[in-house]
Amino acid sequence: MTSKVEKMALPVGVTLDRFIKKNQGSFQFASGELSQLLRDIALAGKIINREVNKAGLVDITGALGTSNVQGENQQKLDVIADIRFIRALKNGGEVCAIITEEEDEIIYTGNDDAKYVVAIDPLDGSSNIDVNVSIGTIFSIYTRVTPRGTRATKEDFLQGGRKQVAAGYILYGSSTILVYTTGHGVNGFTYENSLGEFFLSHPNIKSPEDGKIYSVNEGNFDDFYDYTQRYIMSCRKKRMSGRYIGSLIADFHRNMLKGGIYLYPPTPSHPQGKLRLLYECYPMAFLAEQAGAKAIDCESDILDVTPISFHQRNSIYVGAPKMIQELELFFKERAKYIIKEARFEKIED
Ligand code: AHG
Ligand code: MN
Ligand code: MN
């Protein structure tokens with residue numbers, strides 16, 4: 001029987017550092033650099049967590065009055081998270097260049113000898129900052145293709161989703177959790193404030209096969225294409241739960257744990273949807289695949305979409321495998337419809 005004293009001194013669990021160290025051998029060509037980079041990201045996450053937690057106390061909420069490269073209003077925390085993250089990666093020394101949602105061009109860290117490049121969304125769900133709703137940070141890591149010691153180039157970032165060596169997110173929610181994959185499953189680490197450490201809390205995360213949650217901005221329903229509308233109507237008919245936080249990371253995290261589908265479909269005015277391929281869709285798709293879920297657009301797996309530019313957008317449907325399978329039936333209907341239309345046009349000629 002466990003004594004009272006023993007109970008008071010129960011083990012605290014596996015820290016992120018220990019977990020990374022223990023699993024370092026499973027990385028291809030492991031040399032410790034990726035491990036160090038993951039630790040640097042965790043440090044940035046801790047710092048941003050601190051900023052996020054005091055958002056209501058000091059005057060750092062609200063719009064800064066400037067715009068980012070996509071012409072959207074930047075929130076102060078967007079900018080703070082961007083600065084913090086870049087600084088942590090620069091000081092860590094394992095990254096030679098960074099692409100961030102908040103800046104137009106490549107940011108060089110001054111570490112041309114470093115092996116990795118990183119694409120980040122420093123603050124995801126920024127419209128939720130001022131209202132105490134969950135927000136996050138997303139990252140995606142590649143081994144550079146250009147030789148070490150030279151300046152990184154566009155090619156280092158535009159390798160395609162399947163070349164990611166690691167991807168993950170930090171969700172600042174009811175607790176702060178860091179979730180990542182290096183291609184060997186997905187693991188989640190919850191932040192323990194008093195110790196200042198992330199502890200393994202969600203080992204080997206697997207998406208349920210099927211689910212009952214659908215997450216989409218239904219305010220855009222009238223703009224969706226007919227096949228998307230019919231899919232959403234089928235969800236309603238089945239009395240599934242509609243859950244939409246408006247922070248991709250938070251919606252994705254919940255759906256991966258509970259079973260659900262997240263949709264950001266294209267519309268005639270936004271044929272590529274809204275989300276960004278390099279630092280939103282690719283990392284989500286890598287994590288989804290590793291957790292046994294699936295991420296697609298109307299044409300292909302997200303990981304097979306060809307990258308053309310740093311800030312390109314892509315539509316995305318990501319969720320439990322059975323739900324995606326069902327959605328694909330609606331896509332097939334659409335294909336038939338398009339073929340019929342083409343035939344009709346031919347007869348008309
Ligand atoms: P960001 O805050 O990095 O610009 O991302 C916001 C994204 C994503 O997090 C969220 O799911 C989506 O925008 C919400 O868009 P709508 O308001 O159009 O639904
Ligand atoms: Mn985002
Ligand atoms: Mn953002």
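For residues in the stretch 189-215 being in a loop (DSSP other than H, G, I, E, B) and either at positive phi or among the polar types (S, T, N, Q) (or both), which is surrounded by the most Cβ atoms within 10 Å (Cβ to Cβ)? Among those residues, the one meeting the criterion is S207.
In the set (1) in the same structural domain as R313 (by TED's automatic domain parsing); (2) of a type in the set (A, V, I, L, M, F, W, C); (3) crowded, with 16+ Cβ neighbours inside 10 Å, the condition left unmet by V186 is number (1).
Please tell me if I177 is open to solvent by 50 Å² or more (accessible area, probe 1.4 Å), of a type in the set (V, I, T) and under 20 Å from I129 (Cβ atoms). When the stated conditions are applied, I177 does not pass them. Considered as a group, the residues in the stretch 107-133 that are closer than 21 Å to K46 by Cα and assigned to a loop (DSSP other than H, G, I, E, B) include one that is farthest from ligand 3 (Cβ to nearest atom), and that residue is T109.
Taken over the stretch 296-321, the criterion of being touching a residue at least 40 places away in the same chain (Cβ under 8 Å), surrounded by 21 or more Cβ atoms within 10 Å (Cβ to Cβ) and in a strand (DSSP E or B) is satisfied by I316, Y317, V318, G319. Taking the conditions (1) modelled with pLDDT of 95 or more; (2) of a type outside the set (K, R); (3) open to solvent by 10 Å² or more (accessible area, probe 1.4 Å) in turn, I41 satisfies each one other than (3).
In summary, I261 fulfils each of the numbered conditions (1) outside any strand (DSSP E or B); (2) over 14 Å from the mean Cα position of the chain (by Cα) with the single exception of condition (1). A single member of R313, R254, R276, R334 is more than 16 Å from ligand 1 (Cβ to nearest atom) and in the same structural domain as N217 (by TED's automatic domain parsing), and it is R334. Note on the stretch 242-282: residues that are more than 26 Å from P203 (Cα to Cα) and away from ligand 2 (no atom under 16 Å from the Cβ) amount to 7. Within the stretch 252-279, can you find the residues that are surrounded by 24 or more Cβ atoms within 10 Å (Cβ to Cβ) and under 15 Å from N128 (Cβ atoms)? F252 - this is the single residue of the stretch 252-279 that is surrounded by 24 or more Cβ atoms within 10 Å (Cβ to Cβ) and under 15 Å from N128 (Cβ atoms). Scanning the stretch 117-132 for residues that are more than 11 Å from ligand 1 (Cβ to nearest atom) and under 17 Å from I245 (Cα atoms) yields D130, V131, N132. Of the candidates L278, L257, the single residue that is under 22 Å from Y172 (Cβ atoms) and in contact (Cβ under 8 Å) with a residue 60 or more places away in the chain is L278.
For the stretch 134-171, the tally of residues that are open to solvent by less than 10 Å² (accessible area, probe 1.4 Å) and either part of a strand (DSSP E or B) or within 16 Å of ligand 1 (Cβ to nearest atom) (or both) stands at 13. May I ask you to verify whether A293 is among the hydrophobic types (A, V, I, L, M, F, W, C), away from ligand 2 (no atom under 16 Å from the Cβ) and open to solvent by less than 40 Å² (accessible area, probe 1.4 Å)? Answer is yes for this residue. Taking residues in the stretch 111-129 that are of a type in the set (F, W, Y), and partners anywhere that are not in a strand (DSSP E or B), the pairs with Cβ atoms closer than 8 Å and at least 6 places apart or on different chains are Y116/E33; Y116/L34; Y116/L37; Y116/E94; Y116/R144; Y116/V165.
The values are calculated or read from the model by the stated rules, or taken from the named source; none is laboratory data. No experiment lies behind these values; they were computed from the predicted model shown. Please note: Cβ atoms are built from the backbone with ideal geometry, for glycine as well, and neighbour counts cover all protein chains shown. The area values use the complete protein model at the heavy-atom level, side chains included, leaving out ligands, DNA and RNA. Shrake-Rupley method; radii C 1.70, N 1.55, O 1.52, S 1.80 Å.
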